[in-house]
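Novice: This is the structure I have questions about; it appears just below.
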Amino acid sequence: MAAAQAQASINDAPPAKKKRSLYEKMAVRSFFAVVMAIGLVAVYNFGHAWLCAFVVAVQVGAFVELTHVQHDYYENEHEKGGLKLFRSLRFAWLAVALYVSYGMSWMAAPFEAGQAVFGTLAKYVRDCLVLCVRYFAERQRHRGES
């Protein structure tokens, strides 16, 4: 009986994928390399603002992917809920890193915007970050007391 069930499960298995040859793999990778190079040249020709937005988008995309991988690892490693506020804290640090990296001079130069607009935005971001740090510090202090 067990042998019949094992044979049935083997027969129900999906068919094996056809292995690609070396030249097929090379052709696919070359094609997408050319597409990405053409895309990069197009973004470059759109101008400074588009190129800056592209760089930030690539950084955020890579960060999101790495955060998901790390979060999944820690979630599986510690089954009882994982790390609390892991992603929120990581994305807060991403916002800080992007602000420090590109800051006021970067935003004002390509967009030719007045300092009033970005000064107000920078003050708002700074105030939000200060409130977040105070909140988490207070929360950590209360955890230590109980």
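The values are calculated or read from the model by the stated rules, or taken from the named source; none is laboratory data. Note that this is a predicted model, so its numbers are computed, not measured. Neighbour counts run over all protein chains shown; Cβ positions are idealised from the backbone, glycine included.
Yes/no matrix, rows are residues, columns are (1) modelled with pLDDT of 75 or more; (2) over 28 Å from VAL133 (Cβ atoms):
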residue	(1), (2)
ALA27	yes, yes
VAL60	yes, no
GLU65	yes, no
LEU83	no, no
ARG87	no, no
TRP106	no, no
ALA109	no, yes
PHE118	no, no
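Novice: Please verify whether ALA113 is at pLDDT below 70 and either in a helix (DSSP H, G or I) or β-branched (Val, Ile, Thr) (or both), treating the condition exactly as stated.
Specialist: Numbers: at pLDDT below 70: yes; either in a helix (DSSP H, G or I) or β-branched (Val, Ile, Thr) (or both): no.
No, not satisfied.
Novice: Residue check: is TRP50 at pLDDT 75 or above, aromatic (Phe, Trp, Tyr) and assigned to a helix (DSSP H, G or I)? Write out each step before concluding.
Specialist: On the way: at pLDDT 75 or above: yes; aromatic (Phe, Trp, Tyr): yes; assigned to a helix (DSSP H, G or I): yes.
Spelling it out, TRP50 is indeed at pLDDT 75 or above, aromatic (Phe, Trp, Tyr) and assigned to a helix (DSSP H, G or I).
Novice: So if I check each of TYR23, TYR102, TYR44, which one is more than 17 Å from the chain's Cα centre (by Cα), modelled with pLDDT of 85 or more and surrounded by 12 or more Cβ atoms within 10 Å (Cβ to Cβ)?
Specialist: Working: TYR23 fails: surrounded by 12 or more Cβ atoms within 10 Å (Cβ to Cβ); TYR102 fails: modelled with pLDDT of 85 or more.
Criteria check complete, one pass: TYR44.
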